[in-house]
1. Evaluate the following for Ile60: is it more than 23 Å from Thr32 (Cβ to Cβ) and out of contact with any His (no Cβ under 8 Å at 6 or more places or on another chain)?
2. Kindly provide the set of residues from segment 61-92 that are farther than 10 Å from Ile50 by Cα and in contact (Cβ under 8 Å) with a residue 40 or more places away in the chain, ordered by number.
3. Which ones in segment 41-100 are among the small types (Gly, Ala, Ser) and surrounded by fewer than 12 Cβ atoms within 10 Å (Cβ to Cβ)?
4. Looking at (1) without any contact (Cβ under 8 Å) to a residue 24 or more places away in the chain; (2) under 10 Å from the mean Cα position of the chain (by Cα); (3) not in a helix (DSSP H, G or I), which one does Leu27 not meet, given that it meets all the others?
5. Among the residues of segment 31-73, which ones are of a type in the set (Asp, Glu) and outside any helix (DSSP H, G or I)?
Amino acid sequence: MIVSQFFDLLETCQGGKNILRIAILILMHEYTDLQRILIDHLSRDFDLYIHVDKKTKIDIDLIRKQNVYVFKRFKVYWGSLNQIRATILLLSQSVIIFRF
């Protein structure tokens, strides 16, 4: 029942087209050349939702582009509640942005 409701919602959001979009969620605490290459490669085919640790000096405008949604809201420590909050933020934003 839940799976069929998901596909009904998916068809409604896509204007009747049965197109499945894949979102990749990334928690990031540094921005190296390897991450830049990964983001460039993945953003061609997928929607990327990235949370950048608020403790960093990373400029999120350097990361943001088409199909890449970047957030910088929480100071994340490994295993902390803020790590879960950042993950939930990305999940919720992927659903909100997907609908529109």
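Coordinate-derived values only; no laboratory data. Remember, it's a predicted structure, so these values are computed and weren't measured experimentally. All Cβ positions, even for glycine, are placed from backbone atoms using ideal geometry, and neighbour counts span all protein chains on display.
1. Judged against the criteria, Ile60 is not a match.
2. Val76, Gln83, Leu91, listed by residue number.
3. The first filter runs over segment 41-100 and keeps only residues among the small types (Gly, Ala, Ser), leaving 43, 79-80, 86, 92, 94.
Scanning segment 41-100 gives Gly79, Ser92.
4. Here Leu27 clears every test but (1).
5. Matches in segment 31-73: Asp45, Asp47, Asp53, Asp59.
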